[in-house]
1. Once phi is turned into ³J(HN,Hα) by the Karplus curve 6.51 cos²θ - 1.76 cosθ + 1.60 with θ = phi - 60°, what whole-Hz value does each residue of segment 134-143 show in order, with x for glycine and proline?
2. Considering only Cα-Cα distances, which of the following residue pairs are longer than 22 Å: LYS71/LYS125; LYS68/LYS125; LYS90/LYS130; LYS68/LYS136?
3. With all protein chains present, calculate the accessible area of GLU102 using a 1.4 Å probe and round the result to the nearest 10 Å².
4. Probe of 1.4 angstrom, ligands and nucleic acids ignored: what's the accessible area per residue over segment 93-162, in square angstrom?
5. Collect residues whose amide H, placed 1.01 Å from N in the peptide plane, falls under 5 Å from the amide H of ALA95; neighbours closer than 5 in sequence don't count.
6. Assuming R0 = 30 Å, what is the FRET efficiency of TYR127 and ALA154, from their Cβ-Cβ distance, to the nearest 0.05?
7. Across segment 95-112, in residue order, what do the Karplus-derived ³J(HN,Hα) couplings come to in whole Hz, using 6.51 cos²θ - 1.76 cosθ + 1.60 with θ = phi - 60° and x for Gly and Pro?
8. If amide hydrogens are placed 1.01 Å from N in the peptide plane, which non-local residues have theirs closer than 5 Å to the one on ASN107?
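The values are calculated or read from the model by the stated rules, or taken from the named source; none is laboratory data. For clarity, every value in this text was computed on a predicted model and none was experimentally measured. Cβ placement follows ideal geometry from the backbone for every residue including glycine, while neighbour counts extend to all protein chains displayed. Accessible surface is based on the protein model in full, side chains and every heavy atom, while ligands, DNA and RNA are left aside. Shrake-Rupley method; radii C 1.70, N 1.55, O 1.52, S 1.80 Å.
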Amino acid sequence: MNSASTEMNPLKFPVTTVDMENALVSRNSSPFSFTQHLVVNRTKDLVGHEADMLVLSDSGYVTEIEIKISKSDFKADFKKRHHHESGYVKYLYYAVPEFIGEWAVQNLPEGAGLVIVSPMPRVMKPYIYKIAEARKNVRKITDKMRVDFMRLMAMRYWSRQIAIRKKTVNDSADKYMKETRALYIKSHAKKAGC
């Protein structure tokens, strides 16, 4: 297969919202890297409506990213009542996997930008396909909102750390119980003369 046909028919790969989130905030390959910006995923109240991802710039403006993993997911976004309107969101982007990129650019709402996530060896790489237009009459976030942003980031981080630790502890306990049970069965089998 030559590269021209690959560009015309992007590889359809299994992708989840979490895969997309990870690609969008990765350190090396993203314009929305968490090493450069404050980034919060899956939030309801920071800008007055539910958002898949919010990126806060140093200048105090918010970029909203709506992650869509399929055409039906993309279409469903337009059934929402809020239409991503907020006095704090300066830029709105839709992030989609490469295999629906051409279709998505034709169906973007006016002023929205598009981020396409491409499969690469061992990594998914996002790139801005269409730059979002800056919205008018947008306010910078307040100091309290910045603190709320950071608090939510910390809550997400520590919740994940706790979940990882619980899984590790539970896995260790399960392994211990299986080993103990195996030894118990083995010792009773010897006593019974089996």
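1. With the stated coefficients, segment 134-143 comes to 5, 7, 7, 6, 9, 9, 6, 6, 7, 4 Hz.
2. LYS68/LYS136
3. Answer for GLU102: close to 110 Å² accessible.
4. I get 64 Å² per residue for this part.
5. Answer set, sorted by chain and number: GLU66, ILE67, LYS68, VAL115.
6. 0.55
7. Along segment 95-112, the couplings run 10, 9, x, 4, 5, 10, x, 5, 5, 4, 4, 6, 10, 5, x, 4, x, 7 Hz.
8. So ASN107 has HN proximity to no qualifying residue.
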